[in-house]
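Okay, structure first, notes after.
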Amino acid sequence: MPIFARPHYTSEITNFIEEMKEKKPTLEAEQRAGRALLWDKHLDAGLQEEFSEARVAQQPYVYQTQAK
């Protein structure tokens, strides 16, 4: 054992999360399903290109009105 070795430490948060996973083994799968529902989407490259082409350049000062 090295001179400066410390005993194994786990924080209260880590213990809490591990305890939750033991009580509810399906927790991770439910989290992944929720993430897939909202975030894991496949983007259409052609559609993204059309969006970028249709973008209008922003004025340097947004709140300034156009002089007529």
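The values are calculated or read from the model by the stated rules, or taken from the named source; none is laboratory data. Treat the numbers as computed from the prediction; the structure is a model and nothing was measured. Note: ideal-geometry Cβ built from the backbone for every residue, glycine included; neighbour counts use all protein chains shown.
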Residue check for GLN58: part of a helix (DSSP H, G or I) and either modelled with pLDDT under 95 or of a type in the set (D, E, K, R) (or both): no
Restricting attention to the range 20-55, report how many residues are part of a helix (DSSP H, G or I) and either under 24 Å from the mean Cα position of the chain (by Cα) or β-branched (Val, Ile, Thr) (or both). 20
Taking the range 28-43 as the search range and keeping residues that are surrounded by 10 or more Cβ atoms within 10 Å (Cβ to Cβ) and acidic (Asp, Glu), which one is farthest from ILE17 (Cα to Cα)? GLU30
